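Everything on this sheet refers to the single structure shown next.
The values are calculated or read from the model by the stated rules, or taken from the named source; none is laboratory data. Predicted model, so just to flag it, every value in this text is computed and none were measured. All Cβ positions, glycine included, derive from the backbone under ideal geometry; neighbour counts span all protein chains shown.
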Amino acid sequence: MADQIKVAIDIGTTKICVLVAKQVGTDFEVLGMGKYPSEGLEKGVVVNIAKAINSIKAAVKEAEIVSGQQIESAAVGISGSHINSLNSNGVVPINKTGKVKQTDIYNVLEAARAVQIAEGQQILHVLPQSYAIDGLGNIQDPLGMHGVRLEVQAHIITGSVASVQNIISCCEAVGIKVTDVILEQLASAAAVLNPDECQLGVAVLDIGGGTSDFAIYQHNSIMHTRVLPVAGNHFTHDIAVGLQTTLSEAERVKHMYGLASNNSNNNFSFEVLDIQGQNLQTISQAFLTTIIEPRAEELILLLLKELETYKLRKFMTTGLVLTGGGSLLAGLPELATRILQVPVRLGAPRTEIVLSENLSNPIYATGYGLLIHVFKTQSKSNLNLVDGPTAVRIFYRMRSWVSDLF
Ligand SMILES: Nc1ncnc2c1ncn2[C@@H]1O[C@H](COP(=O)(O)OP(=O)(O)OP(=O)(O)O)[C@@H](O)[C@H]1O
Ligand SMILES: [Mg+2]
């Protein structure tokens, strides 16, 4: 695989999406995409290794055919309810010269890692929010500055070591070396947010199939992250149960007639197959909405609780951006605006590229964001400087990348 060719794999709950791109000047061009329905994953976590491997293999094969490239390595996304986060701070004396060096920054981030974490969890990212020197704060990059005492405020992300290892093992079983494991909401944010939003303050919610991944940015730093356990598949499941129909029929109905909230225009009916897939039943859109609305409210209320528990509103200066396939449910932005009382917009990757499908669709936010990540951070990669097995080297690598994105 030529040096300037990079690959991103979004291992989602509903689909595996493999994107192959090549460097063009300071930007990149997508050469091909492979997409395959995801099996063996639930809520972002591998539950059946053999099935997950098969799905990844099929998506990789398609991407190889379409792009004409052989895929040997890739960056992959990670999500799931095993991901947790907390804020921490660290303090260290600055080296004898009195001028901050890279090693001081490393040491202060190490100091910020000294937090209690649950058993079976490991720190995945230590994301600096701001630094202070001798008590003077709000420093974004302290390198080269003078003082005696360096402090950092950091956002720490932890995840189950076993879950990350399973994702890496699935890729390795397909013959792919994993060069980076990236928290999915950080990738999605890179694809759909604009630099001003990240500077002024914005929240992003990637509503996938199994989980809804939430992140808040301000001053180009991550202020908060959370994985919420409600997403698109829950809606489909509710519809299948509520209408006594198959999951595939429920999925179709959700796309075509689904509404997050009742309005005066939904007074028509449509036909749906029964659970045996044989007889048609007539359903009103108003009835369908009574099934969908409580779940949509549950999701947005979970977000509201998160905003209030952690006092996050102050960071959401420019509002909330919804992305991921689940954000395509009609009426969801309006419902979110009503409940949260902030501006809400839909976010899709900012690209015009059309392959077999238009990548400018919220379902490709994570995959496209992973590509942005690998191209923007490749020159700063320190992965090869760290010894040890792939998983250990990746944990090390994941600490530094986020500040490079915006
Ligand atoms: N037009 C649409 N209307 C409503 N829902 C939609 C639409 N298109 C896709 N979805 C829903 O989006 C979800 C899939 O989104 P996405 O592809 O972002 O998930 P994923 O990345 O596979 O999952 P996860 O991120 O949770 O691992 C499915 O539940 C699907 O039903
Ligand atoms: Mg996803």
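Quick notes on this structure:
- Unmet criterion (only one of (1) within 15 Å of LEU370 (Cα to Cα); (2) modelled with pLDDT of 95 or more; (3) acidic (Asp, Glu)) for GLU64: (1)
- Scan of the range 88-126 for residues that are touching a Phe, Trp or Tyr at 6+ places or on another chain (Cβ under 9 Å) and at pLDDT 90 or above, ordered by number: VAL100, ILE105, VAL108
- Residue that is farthest from ALA215 (Cα to Cα) [pool: residues in the range 321-342 that are in a helix (DSSP H, G or I) and polar (S, T, N, Q)]: THR337
- Qualifying positions in the range 8-52 - within 15 Å of ligand 1 (Cβ to nearest atom) and on the phi > 0 side of the Ramachandran plot: GLY40, LYS43, GLY44
- Residue in the range 322-343 that is at pLDDT 95 or above, away from ligand 1 (no atom under 16 Å from the Cβ) and under 19 Å from the mean Cα position of the chain (by Cα) present: no
- Qualifying residue in the range 227-241 (condition: under 30 Å from ASP141 (Cβ atoms) and not in a helix (DSSP H, G or I)): yes
- Elements of type strands (runs of 3 or more DSSP E) in the range 121-201, at least 3 residues being surrounded by fewer than 21 Cβ atoms within 10 Å (Cβ to Cβ), more than 25 Å from the chain's Cα centre (by Cα) and not β-branched (Val, Ile, Thr): 136-139
- For the range 56-67, the count of residues that are within 16 Å of ligand 2 (Cβ to nearest atom) and not hydrophobic (A, V, I, L, M, F, W, C) is zero.
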